[in-house]
2 protein chains.
Amino acid sequence: MLAAVLQVREGRLQALLWQRAREPFAACWALPGGALAADETLEESMRRHLAEKVDVREVAHLEQLETRSDPQRNPTRRELATAFLGLVPSGVDPSVPSDTRWHPLDELPELAYDHAEILLSARERLRGKLSYTNLGFALAPPSFTLAELRDLYAAALGHPVSATNLQRVLLRRRLLEDTGERRHYGSGGGRPATMYRFRSTRLEVTDQFAVLRPPTMIS
Amino acid sequence: MLAAVLQVREGRLQALLWQRAREPFAACWALPGGALAADETLEESMRRHLAEKVDVREVAHLEQLETRSDPQRNPTRRELATAFLGLVPSGVDPSVPSDTRWHPLDELPELAYDHAEILLSARERLRGKLSYTNLGFALAPPSFTLAELRDLYAAALGHPVSATNLQRVLLRRRLLEDTGERRHYGSGGGRPATMYRFRSTRLEVTDQFAVLRPPTMIS
DNA sequence: TGGCGTTTTTGCCTCACAAGCGATAACCTC
DNA sequence: GAGGTTATCGCTTGTGAGGCAAAAACGCCA
C-alpha cells in the first residue's frame, strides 16, 4: 500500500518521498506506505500510514489508483501494492520526518521498486481529473485569487494556463464562489483581485463528456 | 480477484455470473474469479480463471477497477479482491459451465458479497469510456452496420442513441473504417448498409476532455 | 488631484464539435 | 417503374472553449 502524495510547492508539482536506509534499494527514494492491518480498509490504512509522515488532516483528497502485481516488482519477496493518489493543498507546509523530502516530479531522484511508474500514473490521473472534475480544490488553499489558481493549474498540468479561460470554465461550472474579500498584489498597484473558494471540497464530476448524450426528446 | 464480464446479448447489457453451491451466500450469484498464484500478475491470473468460464480469446478487453478491502465484505474471513472489467464482443456465444449464466444488468438476481456494487461500478466505467475512447471495439463484432452499432451503444449506455450522430462522432475521430462490404436488411428492401470495423482493437483515448488545453501559441 | 503603470475583469469574437432534422440515395417487392 | 423501406448525407443550430483587447480598479508619484 503506497501513496503518491502530491503538492504544488514553489510553483512546481512535487511528491513526498522518503529515503530508504536498508536493502533492497538502499539510499533510493520511495513512496510512503505500509502494511494493511486486520480490521481496516485500504484507505483507512493508507491514512494511518500517512499520519506518520504528514498530518493527515492536510491530505485533502485520497483515491485509489492501480494495484501493482508484477511478481518481480519486489526482488526479495512477492508483494502486491495498491497505489493511491493523495493531494495536499498548496500553502500548508507539513512537518515531515528527517528522512522525508519533497521532490519535484520533473526532477526525480532514483526511485525504489516501481515507484517511478506509480508517480507518473498518479500525475496522469491528476491531470485528467483537473480537467473534468472539481479536483482543483485539493490543490488550492482555502481562498485564492485567479492568478494564484492559474499558477497552480499550470504547475500541475505542465503547461501554461490562461487565467481568463480558467475563470470562465470554472465559473460556468459553478465550481468557484466569491468570498467577498479582495486582495492587492504586492506593494505596487494593480486592481485588487477577488478571492475565490471552491464551492465544494468533495470530488464532483462536472464535464458530461459531451458526447453520445441521451437525446433531448423535446418534441 | 473478480471480473465483471459484460456483453450485449439480445439487445441488453448482461453480466456473466455463476451460482454458488456452498455457504456463505449459497444459491446467490457471484462474479467469476479466483486466487492469485505465485508467479503471475493479477491480470494474468484473471485471464487464467476466466478461461474456466469462457474462452479467454473471446475477452476483447480487460482492465482493472478498484481493489475492494472492506474487512466485512467476506463474513467468513478477511479477503481483499481486485475487481476487473471484462468485455466480450456481441455475437459470440461462449459455451459456459452449467452453473454459469448471463444476467441482464437491469434485472440482477441476489448477488454474493459486494458483487452488486462491483457490477454497477463496472457499468459506470464502461459507459464513461464508451464516450471518450474507442472502447466500443470490445463490444462490437468484427464488422457491423451503423444500425447494429447504435443498438449496441444504446444497450450499453442505457439510453437511445442516434445512428447519424454516432456515425459522425466515430468517423470524425477516425475510429471506424469502411470494410468495403455492404449488407442488406433482412428480406424486405432498403438501402444496403455499409459494414464498418473499428480501426484499432486496443484502447485509445480520443476526446481530449475539451478543457484547459495547452494554449495554441500560434502567434 | 490628475496622469501613469500595473493587475484584474469583462465583453466580443471565432472555432470546433455535438446534435436535430429533412432531403436524398439505394435497395427491395409487387 | 411505383411505392415502401432503410441508410446516408447536408444543412442548420446550439453550446462551450479559447483568444484578444478594452475597460475597471487600484497604488504611486508628480
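Worth a mention:
- Listed here are the strands (runs of 3 or more DSSP E) enclosed by the range A:1-84 that have at least 1 residues being within 14 Å of another protein chain (Cβ to nearest Cβ): A:2-9, A:61-68.
Conditions (1) at pLDDT below 85; (2) within 11 Å of DNA strand C (Cβ to nearest atom); (3) open to solvent by less than 60 Å² (accessible area, probe 1.4 Å); (4) not β-branched (V, I, T), marked per residue:
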{"position": "A:R174", "(1), (2), (3), (4)": "no, no, no, yes"}
{"position": "A:E181", "(1), (2), (3), (4)": "no, yes, no, yes"}
{"position": "A:Y185", "(1), (2), (3), (4)": "yes, yes, no, yes"}
{"position": "A:G188", "(1), (2), (3), (4)": "yes, yes, yes, yes"}
{"position": "A:R191", "(1), (2), (3), (4)": "no, yes, no, yes"}
{"position": "A:M195", "(1), (2), (3), (4)": "no, yes, yes, yes"}
{"position": "A:R199", "(1), (2), (3), (4)": "no, no, no, yes"}
{"position": "A:E204", "(1), (2), (3), (4)": "no, no, no, yes"}
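- Residue count, the range B:1-34 (criterion: in contact with a helix residue (DSSP H, G or I) (Cβ under 8 Å, 6 or more places away or on another chain), surrounded by 18 or more Cβ atoms within 10 Å (Cβ to Cβ) and not hydrophobic (A, V, I, L, M, F, W, C)): 2
- Within the range A:105-117, if we keep just the residues that are loosely packed, with under 15 Cβ neighbours inside 10 Å and touching a residue at least 12 places away in the same chain (Cβ under 8 Å), the residue that is farthest from the chain's Cα centre (by Cα) turns out to be A:E110.
- Any hit, the range A:116-130, residues being in contact with a Phe, Trp or Tyr (Cβ under 6 Å, 6 or more places away or on another chain) and either at pLDDT 95 or above or under 11 Å from A:A30 (Cα atoms) (or both): no
The values are calculated or read from the model by the stated rules, or taken from the named source; none is laboratory data. No experiment lies behind these values; they were computed from the predicted model shown. Note that we place each Cβ from the backbone using ideal geometry, even for glycine, and neighbour counts take in every protein chain shown. For accessibility, only protein heavy atoms count, side chains too; no ligands or nucleic acids. Shrake-Rupley method; radii C 1.70, N 1.55, O 1.52, S 1.80 Å.
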